[in-house]
Amino acid sequence: MQTNAVSLPDLTGRTVVITGANSGLGLETARMLGGQGARVVLAVRNEDKGREAARELPGDPEVRRLDLADLKSVRAFAEDWSGDIHLLINNAGVMALPEGRTADGFETQFGVNHLGHFALTNLLLQHVSGRVVTLSSGLHRLSTGIHFDDVNLERGYTPYRAYAQSKLANLLFTLELQNRLDAAGSRVLSTAAHPGYAATNLQSHGADAFSR
């Protein structure tokens, strides 16, 4: 991945939390922000992989455990947090998985990509002083909407149908969060990003799953 950190400001004294920062886009984001002086916290499910990734990053990155597929883990992460968060990046995600469930019984992609980040953001929001960035995907266009009466898609699961629904949920959450921040007079920003197709391990489970 080619990146250009020149356009980034000096981030010394700023704290950044990045979910899923041990690989892929999260790792590159951590590298860029850490290179500009930010204190980067890698919120990862596998702490060993997180520490391995942290060794190649600039600055003094911190690794904390966060399993977005388990809301107990999300709550524990938030309860253990103190201090300001200038930038919360909801980066972690899974894509086109075989049908499965989170620890709380939700369809895995909806549970990890949306519900885990939804809970994390709301629990940490009192600490956020800058912005929340949630990574979505242009593949949200494949979704016909949020199936509130069947969020687990038990009546018609396919890997990409579930992925598209989770990414649409990311966008709807981003919009509603900004609406509520505005209504409350907050200066915190809620934004979404579509990173495009990147050669990461996100696609490893579902490269041929589009028609299934």
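The values are calculated or read from the model by the stated rules, or taken from the named source; none is laboratory data. Only a predicted model underlies this, so the values are computations on that prediction, with no experimental measurement involved. Here Cβ is always computed from backbone atoms with ideal geometry, including for glycine, and neighbour counts include all displayed protein chains. The area values use the complete protein model at the heavy-atom level, side chains included, leaving out ligands, DNA and RNA. Shrake-Rupley method; radii C 1.70, N 1.55, O 1.52, S 1.80 Å.
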Per-residue SASA entry for GLU52, accessible area with 1.4 Å probe, Å² rounded to 10: 110 Å²
To the nearest 20 debye, what is the magnitude of the charge dipole of the stretch 1-64 about its Cα centre, counting +1 on the Cβ of each Lys and Arg and -1 on the Cβ of each Asp and Glu? 120 debye
For the chain, what is the mean residue ellipticity at 222 nm derived from helices alone (per DSSP H run of n ≥ 4: -39500 (n - 2.57); sum divided by total residues; nearest 500 deg cm²/dmol)? -9000 deg cm²/dmol
Which of VAL112, LEU175, GLY20, positive extreme of dipole for the chain (C-beta unit charges): LEU175
Given R₀ = 25 Å, what would the calculated FRET efficiency be for GLU99 paired with LYS49, taking r from the Cβ atoms and rounding to 0.05? 0.50
Work from the charge dipole of the stretch 50-161 (Cβ charges, +1 for Lys and Arg, -1 for Asp and Glu, about the Cα centre) and give the residue of VAL128, THR158, LEU68 farthest towards its positive end. THR158
Relative contact order for the stretch 116-196: what is it in percent, counting Cα pairs under 8 Å that are at least 6 residues apart? 45 percent
Gaussian network model of the chain, springs between alpha carbon atoms under 10 Å - residue of ALA78, ALA92, ALA183 with greatest fluctuation: ALA183
Report, in debye and to the nearest 20, how large the dipole of the stretch 4-150 comes out about its Cα centre when Lys and Arg carry +1 and Asp and Glu carry -1 on their Cβ. 300 debye
What does the net charge come to around LYS167 if you take all other residues with beta carbon closer than 14 Å to its beta carbon, with K and R at +1 and D and E at -1? +1
Please give the solvent-accessible surface of HIS194 in Å², to the nearest 10, using a probe radius of 1.4 Å with every protein chain present. 120 Å²
If you work out Cα extents along the principal axes in Å from the coordinates, which of [x] 59, 34, 32; [y] 50, 39, 32; [z] 56, 38, 27 do you get? [y]
Roughly to the nearest percent, how much of the accessible area of the chain is carbon and sulfur, given a 1.4 Å probe? 50 percent
Environment charge of LEU142, counting only residues whose C-beta is closer than 11 Å and scoring Lys/Arg +1, Asp/Glu -1: +3
Relative contact order for the chain using alpha-carbon pairs under 8 Å, separation at least 6, rounded to a whole percent? 19 percent
